[in-house]
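Everything below concerns the one structure shown next.
The values are calculated or read from the model by the stated rules, or taken from the named source; none is laboratory data. What you are looking at is a predicted structure, and each value in this text was computed from that prediction instead of being measured. With ideal geometry, Cβ positions are generated from the backbone for all residues, glycine too; neighbour counts draw on all protein chains shown.
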Amino acid sequence: MARAGRLTDESKEAPMATSPTAPGLRREMSFLDLTMACLGAMIGSGWLLGALAAAGMAGPASVLAWLIGGIAVLLIGLVYAELSGMLPEAGGIARYPHFTHGSLTGWMMGWGAFLAYASVPAIEAEAVTQYASRYIPALYPAAGSKAVATPTGLVVDFVLVVLFFLINSLGVKIFAKTNTAVTLVKTIMPSLTILVFLFAAHHWGNFTAHSGGGFAPFGVAGVLKAVGLSGIIFSFLGFRQAVDLAAEAKNPQKDLPRAIMISVGIALVVYTLLQVAFIIGVPGTALAKGWATINYTAPYAQLAGALGLGWLAVLLYADAVISPAGTGNVYAASTARVAYALGRNRYVPKVLTRVSGTGIPIVAQIVGVIFTAAFLLPFPSWTSLVGVISAATVFTYIIGPISAVVLRKTEPTARRPFRLAGMGVIAPAAFVIGSLIIYWTGWKVDWKLAVAILGGSLIWAIAVKGSGGALAELNGSDVASAAWLIVYVLFMLAATYFGSARFGSPFNHAHGLVHYPFDLIGVVIGSLLFYFWGVASGRRGAEGTAALERVEAELSSAPGARQATMAMGDAAQPAQRPHGMGPASA
């Protein structure tokens, strides 16, 4: 991994010009706001419900699952740190593949990201009402993490989703300040829970208790399954909020990379310690039938009550409204930025790029609310959503390592305030880890993901044919640059279907023709082949070069235009000439 970075700074602060690369948006988010946006997205329902689900799948070894998940996301985050510092674009996940692989790849990734993002406010609303069922049983009559919302619960969920929209419509400055305050408050509770449980809970024997099956009752497969399905990856995915809000950052080149790395690091420590706290907080008598049978509606609050910590239980129930609601609010903002980016790419009607007087992509925000509300209907419980969201979001993240390497080849002179050392190792490693996470989520989730990505892309391409948009202008080059991605989705679907039965399926379709661990080896080898195919399929696009030139122009026109350069293990870069001035490096 790259070594600690250093800052070679010719001018301590070189903020960008006030006019961002995304027309109409306002640069009003500080470094603290960006960091809190990431951390606020990560510290949500995951800390309230993820530990229970992880323990049910991996037992005490779930602590390792959190470490694996956090490190995996950190590797992906490092790649996006370079991309976002280089090209601060609103809804970057839809813009980067558009720049490096054309319209078809960009649409598939942007569509997948939009679906994943739009579903998160729904899942956070579900978490709020699930905890609130302690006081209003009509919201969730069933106990445990598999509770199903009642019609009343769904109405409350919908009201919360609309509330997220109203807060975001007030403007990015109000959103940022509100979220920063809420995040600072809601990080207090997980920290307090860790400290109190470490001192008050004394069931350390749970880590090796035979009644619970020992440290790893479900083996390595259980740990890996927990990474993808229990909410672990879901909990860490919020680092991308800074990337999606990049066009509204005051000083994106300097602040974005730091916000990403600091927030992931904090979340990794907090979540790992929370899992330890949960393990030692479970009464030994509850393990009589094993970890998989433990069932709580509000895990930490109920355990606090069992430990005689009624005051902590009251605070936890209160925080259970603030924490998920804050995360849902952040994702509502990101959903709108991805929809806005799809409009800028001309994949969807241009009206989605319309910005309100408060500097918000208002039409994109409305579309996001509609899709979020739709996600409340087919997935009426927290656990039924996290696996789908995790797989869909990781799928869209895997383009980052490929786009970063392609841009290094096609735009070698571009200004990179943060330059990731060891990109040649970290990028393929991040891609492989992302593929493994998708595989670990299993057939039950992956077939839905494949249908949503491939089926949704096909339906939309037919619908917009002749409309004059970018997808109506697809050419052979776009298709050739996307071939690797289409085949990759089919490969992952086949790997999950025929892979080890340890990962199961709702229809017993995981025949296990390729047994564990050879299935994992196959996914690793196959992923590496697709990574190199994806890099080879990249190209220098006119829109990508134009975006880099806009960034260069903004930096040149800003006060104190010389920009700081942060290098992770690499020597500081020399001054770069403007983009597009020389031939691309193949």
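Whether a residue is surrounded by fewer than 24 Cβ atoms within 10 Å (Cβ to Cβ) and among the hydroxyl-bearing types (Ser, Thr, Tyr) was assessed, and residue 327 does not pass this test.
The set of residues in the stretch 43-66 that are closer than 27 Å to residue 245 by Cα and modelled with pLDDT of 90 or more contains only 66. In the stretch 211-275, counting only helices (runs of 4 or more DSSP H) that sit wholly within it, the ones holding 2 or more residues that are within 22 Å of residue 326 (Cβ to Cβ) span 232-236, 241-244. Screening residue 573 with (1) surrounded by fewer than 18 Cβ atoms within 10 Å (Cβ to Cβ); (2) at pLDDT 80 or above; (3) not aromatic (Phe, Trp, Tyr) gives one miss only, at (2).
Out of everything in the stretch 172-199 that is basic (Lys, Arg) and surrounded by fewer than 21 Cβ atoms within 10 Å (Cβ to Cβ), what residue ends up being farthest from residue 35 (Cα to Cα)? Can you show your working first?
Taking the stretch 172-199 and keeping what is basic (Lys, Arg), we get 173, 177, 186.
Filter once more, so that each one left must be surrounded by fewer than 21 Cβ atoms within 10 Å (Cβ to Cβ): 173, 177.
On the way: 173: 14, 177: 12 Å.
Looking at the filtered set, the residue picked out is 173.
Specify which of the listed residues (493, 520) is touching an Asp or Glu at 6+ places or on another chain (Cβ under 9 Å), modelled with pLDDT of 70 or more, at negative phi and not acidic (Asp, Glu). 493 is the lone residue from the list that is touching an Asp or Glu at 6+ places or on another chain (Cβ under 9 Å), modelled with pLDDT of 70 or more, at negative phi and not acidic (Asp, Glu). Note on the stretch 92-111: residues that are under 17 Å from residue 352 (Cβ atoms), out of contact with any Pro (no Cβ under 8 Å at 6 or more places or on another chain) and crowded, with 24+ Cβ neighbours inside 10 Å amount to 7. Residue 214 meets all of the listed conditions (1) buried (at least 22 other Cβ atoms within 10 Å of the Cβ); (2) under 30 Å from residue 518 (Cβ atoms) but one, namely (1). One residue alone among 166, 192 is aliphatic (A, V, I, L, M), free of Cβ contacts under 8 Å to residues at least 24 places away in the same chain and assigned to a helix (DSSP H, G or I), and that residue is 166.
Go through the residues of the stretch 541-550 one by one and say whether even a single one is in a helix (DSSP H, G or I), under 30 Å from the mean Cα position of the chain (by Cα), more than 19 Å from residue 84 (Cβ to Cβ) and at pLDDT 85 or above. Checked the stretch 541-550: at least one residue is in a helix (DSSP H, G or I), under 30 Å from the mean Cα position of the chain (by Cα), more than 19 Å from residue 84 (Cβ to Cβ) and at pLDDT 85 or above. Among the residues making up the stretch 85-128, those that are farther than 20 Å from residue 534 by Cα and of a type in the set (Ser, Thr, Tyr) are 117, 119. One residue stands out in the stretch 384-412 among those that are outside any helix (DSSP H, G or I) and at pLDDT 90 or above: the one that is surrounded by the most Cβ atoms within 10 Å (Cβ to Cβ), namely 411.
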